[in-house]
Amino acid sequence: YEVYNAEGLKNIASLVNSGATGINITLDTDPDLTDMEWTPIGADYNNAYTGIFDGNGKTITGLTFNQSETSNVGLIGYLGSGGKVQNLTLENVNLNGDWDVGGVVGYNNNGTVTACTASGSINGKEYVGGIVGNNYLGTVTACYNTSSTVNGSYLIGGVVGQNNKGIVTACYNASGSIYGEVTVGGVVGNNNTGTVTACYWSNYAGYGIGN
């Protein structure tokens, strides 16, 4: 499926969440979602997205979600095994959710996120990251938080909130501010038997204790 505008992207999200979880998606334009309440692609475990979302070097602007009691929040809410998101920029993100909140992916369950960047405001309670909220057995490579403010209470990271048995490589937090109460990190809030390699942060501002 090729996407040419914001309404088309919204329709694709509905298609995935209706059961077409393995479709491949390619952006052919720069969708502007400003003033549109977003429904994440792959909203939950039962509709985990398992296809390939290729940003094709394009930019999505104004991704907005404001439901503070909802989990699995991002462009992709729940990325399932074999699913991929790649070559994408998100600008002026405004996300407010509960658990598993990320600029690109809320919960990554054995999927792959590559060459994605995000900027804006990303807020949740637990497992909150500039790119991926919760990375379980997943791979996150060459992803950058360019200027996102990431805010939550527990397991908060500039790129990944929690890396649980996953792999995070060549990622960085360029200038994002990260705020939390405990287990907070410039790149990864918590690394639970995972691997973090060749990652860094600069201009890190915030408070909390990384683990």
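Can you give me the distance in nm between label points at Y200 and T61, each placed 7 Å from the Cα along the Cα-to-Cβ direction?
Between Y200 and T61, the simple spin-label model gives 3.2 nm.
Holding the Cα-Cα limit at 26 Å, pick out from K10/K58; K84/K165; K58/K125 the pairs that are longer than that.
K58/K125
Cα centroids of the range 52-67 and the range 88-118: how far apart, whole angstrom?
Between the Cα centres of the range 52-67 and the range 88-118 lies a distance of 9 Å.
Considering only protein heavy atoms and a 1.4 Å probe, what is the carbon-and-sulfur percentage of the accessible area of the chain?
Its accessible area is 44 percent carbon and sulfur atoms.
Once Kirkwood radius over Cα pairs in Å is worked out from the coordinates, which option in [x] 15.8; [y] 18.2; [z] 19.1 does it equal?
Comparing each candidate, only [x] matches the computed number.
Given a 1.4 angstrom probe, what's the average accessible area per residue across the range 1-129, in square angstrom?
Values: 4920 Å² over 129 residues.
Value for the range 1-129: 38 Å² per residue.
Report relative contact order for the chain in percent, whole number only (criteria: Cα-Cα under 8 Å, sequence separation at least 6). Could you put the intermediate results ahead of the total?
On the way: 818 pairs, mean separation 27.0, N = 211.
Once divided by the residue count of the chain, the mean separation gives 13 percent.
Which value in deg cm²/dmol, rounded to the nearest 500, describes the helix-derived mean residue ellipticity at 222 nm for the chain, given -39,500 (n - 2.57) per DSSP H run of n ≥ 4 and division by the residue count?
-2000 deg cm²/dmol
Once the piece of chain linking I52 and D35 is laid out straight, how much longer is it, given 0.36 nm per residue of separation minus the C-alpha distance between them?
Numbers: separation 17, 0.36 × 17 = 6.12 nm, distance 2.63 nm.
So the chain would gain 3.5 nm between I52 and D35.
For the residue pair I23 and A170, what label-to-label distance in nm results when each label sits 7 Å from Cα along the Cα-to-beta-carbon direction?
According to this spin-label approximation, the distance is 3.2 nm.
So, by mean Cβ neighbours within 10 angstrom, what's the order for 145-158, 122-135 with the highest one leading?
122-135, 145-158
Roughly how many nanometres apart are two label points built 7 Å out from the Cα toward the Cβ at E69 and N87?
4.1 nm
Tilt of helix 6-17 relative to the longest C-alpha principal axis of the chain, in degrees (0 to 90, nearest 10)?
The answer is roughly 80 degrees.
The values are calculated or read from the model by the stated rules, or taken from the named source; none is laboratory data. Just so it is clear, the structure is predicted and the values come from calculations on it, not from any experiment. Note that each Cβ is placed from the backbone with ideal geometry, even for glycine, and that neighbours are counted across all protein chains shown. When the accessible area is computed, the model is the full protein with side chains, heavy atoms only, and any ligands, DNA or RNA have been set aside. Shrake-Rupley method; radii C 1.70, N 1.55, O 1.52, S 1.80 Å.
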